[in-house]
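The values are calculated or read from the model by the stated rules, or taken from the named source; none is laboratory data. Treat the numbers as computed from the prediction; the structure is a model and nothing was measured. Glycine also receives a Cβ, built like all others from the backbone with ideal geometry; neighbour counts cover every protein chain displayed. For the accessible areas, the whole protein counts, side chains as well, though only heavy atoms, and no ligand, DNA or RNA atoms are used. Shrake-Rupley method; radii C 1.70, N 1.55, O 1.52, S 1.80 Å.
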Amino acid sequence: MRAILEEAAAALRAGRLVAFPTETVYGLGADARSDAAVARIFEAKGRPADHPLIVHLPSADAAEGWARALTQEARALLAAFAPGPLTVIVQKRDDVPAAVTGGQPTVGLRVPDHPVALGLLEAFGDGVAAPSANRFGSVSPTTAAHVALELGDRVELILDGGACRVGVESTIVDVSRGAPRILRPGGVTREAIEECLGVPVPLAQDPSVRVPGSLASHYAPRAEVRAVARRDVEAEVRAAAGRRVVVLGPEVEGAAHLPLPEEPSAQAARLYAALREVDARGFEVAIVALPEPRGLGLAIADRLRRAAAPRG
Ligand code: TXA
Ligand code: MG
């Protein structure tokens, strides 16, 4: 492992792209201090260049090298959830490349909780900019095989750390100005963030903040996704009669069935692989029940709604 991590760190230093596992989803990493290396990420993903990237760090202490000032809230969140599935948005230092921040005065920082990610970050010794390792708009990868399918010929190296434990992306909390807000629900629950900060933390709906994950149609497979209340699943199956329909979760007469665990953390861990399987098996319509929007269910419901949103 040591040797492969050194090789990966050397590739990053040479300005190349390295895909790596985290506890949430696989990331597509580049040297965050290099405009040219970061530009390769956008090219490989097919993502608009003004979208900001998260900088991954080996420890919470390393945040000082990227943040202009860490607010009390930023410190509390990092102390509680780094390493972990959390990203804090803070005011950036002047020397943070604009390519990383999409020209915004803030930067997103995260310490992933995965031995391979941490090993890579320690071997590299500085920040690694990394979006999820998928083509823009598609489902995030939770195995090395998913990355290879989408980006295999566009990256120098794919580190294989097995299937991601959490399975949905990090929770993004903006503590850069004013009261803290959640820009994207994710692996750390809103309840845990509120308990840490001791105040209610609303979900942001400010459309002026550029968060690709907040575009309506995102995290989407090719198949049409219908995310509905549990009690409406059977009616939805009847409405889609005549098409190749699959239900994720319960078995329903008149549709194929792809198992999806009920328990929220198990469901999150399986969700993206299940959406990929819908396409791999050639289904036209995938019907799935929305979970209760609390705990990890909030992030799952958010991703399902985006997968189900009208396509542009
Ligand atoms: O779990 C994760 O966060 C994964 C793994 C690889 O760490 N990464 C990830 O990156 O999901 P990405 O690029 O797919 O999504 C990051 C989100 C984007 O929606 C981006 O706009 C937002 O974070 N973001 C990054 N920096 C920001 C900033 N300064 N202000 C507002 N949003 C920001
Ligand atoms: Mg993404």
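Taken over region 299-310, residues that are among the aliphatic types (A, V, I, L, M) and buried (at least 22 other Cβ atoms within 10 Å of the Cβ) amount to 4.
The set of residues in region 264-294 that are surrounded by fewer than 16 Cβ atoms within 10 Å (Cβ to Cβ), under 20 Å from the mean Cα position of the chain (by Cα) and not in a helix (DSSP H, G or I) comprises PRO293, ARG294.
Against the list (1) within 12 Å of ligand 1 (Cβ to nearest atom); (2) within 17 Å of the chain's Cα centre (by Cα); (3) at negative phi, the condition THR143 fails is (1). When region 97-120 is filtered for residues that are aliphatic (A, V, I, L, M) and either surrounded by fewer than 22 Cβ atoms within 10 Å (Cβ to Cβ) or part of a helix (DSSP H, G or I) (or both), the ones remaining, listed by number, are ALA98, ALA99, VAL100, VAL116, ALA117, LEU118, LEU120.
Among the residues of region 42-53, just one is open to solvent by less than 10 Å² (accessible area, probe 1.4 Å) and either more than 9 Å from ligand 1 (Cβ to nearest atom) or among the polar types (S, T, N, Q) (or both), namely ALA44. When LYS92, LYS45 are checked against the criterion of being out of contact with any Leu (no Cβ under 9 Å at 6 or more places or on another chain) and of a type in the set (D, E, K, R), LYS92 stands alone in meeting it.
Can ALA123 be described as outside any helix (DSSP H, G or I), aliphatic (A, V, I, L, M), in contact (Cβ under 8 Å) with a residue 24 or more places away in the chain and surrounded by fewer than 24 Cβ atoms within 10 Å (Cβ to Cβ)?
Judged against the criteria, ALA123 is not a match.
Of all residues in region 232-256, those satisfying the criterion of being at pLDDT 95 or above and either of a type in the set (S, T, N, Q) or open to solvent by 30 Å² or more (accessible area, probe 1.4 Å) (or both) are ASP232, GLU234, ALA235, GLU236, ARG238, ALA239, ARG243, ARG244, ALA256.
Table: residues versus (1) surrounded by 16 or more Cβ atoms within 10 Å (Cβ to Cβ); (2) touching a strand residue (DSSP E or B) at 6+ places or on another chain (Cβ under 9 Å).
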position: ALA130; (1), (2): yes, yes
position: GLY137; (1), (2): yes, no
position: GLY152; (1), (2): no, yes
position: VAL166; (1), (2): yes, no
position: GLU169; (1), (2): yes, yes
position: VAL175; (1), (2): yes, yes
position: PRO180; (1), (2): yes, yes
position: CYS196; (1), (2): yes, no
position: ALA204; (1), (2): yes, yes
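Residues in region 18-39 that are in a loop (DSSP other than H, G, I, E, B) and either of a type in the set (Val, Ile, Thr) or open to solvent by 10 Å² or more (accessible area, probe 1.4 Å) (or both) were compared, and the one that is nearest to ligand 2 (Cβ to nearest atom) is VAL25. Restricting to region 182-191, and then to whatever is surrounded by 18 or more Cβ atoms within 10 Å (Cβ to Cβ) and touching a residue at least 60 places away in the same chain (Cβ under 8 Å), can you tell me which residue is nearest to ALA69 (Cα to Cα)? Once the filter is applied, the top-ranked residue is LEU183.
Of the conditions (1) touching a Lys or Arg at 6+ places or on another chain (Cβ under 7 Å); (2) under 26 Å from GLU73 (Cα atoms), GLU156 fails just one. Which one is it? Exception for GLU156: condition (2). Residues that are within 18 Å of ALA74 (Cβ to Cβ) and outside any strand (DSSP E or B) within region 161-186 comprise SER170, VAL175, SER176, ARG177, GLY178, ALA179, PRO180, GLY186, listed in sequence order.
For region 54-90, the set of residues classified as open to solvent by 10 Å² or more (accessible area, probe 1.4 Å), under 23 Å from ALA299 (Cβ atoms) and in a loop (DSSP other than H, G, I, E, B) consists of ALA82, PRO83, PRO85, listed by residue number.
Taking the condition in contact (Cβ under 8 Å) with a residue 24 or more places away in the chain and within 26 Å of ALA39 (Cα to Cα), does THR143 pass? Criteria met by THR143.
So which residues in region 146-173 are away from ligand 2 (no atom under 16 Å from the Cβ) and either within 10 Å of the chain's Cα centre (by Cα) or among the β-branched types (Val, Ile, Thr) (or both)? Across region 146-173, the qualifying residues are ILE158, VAL173.
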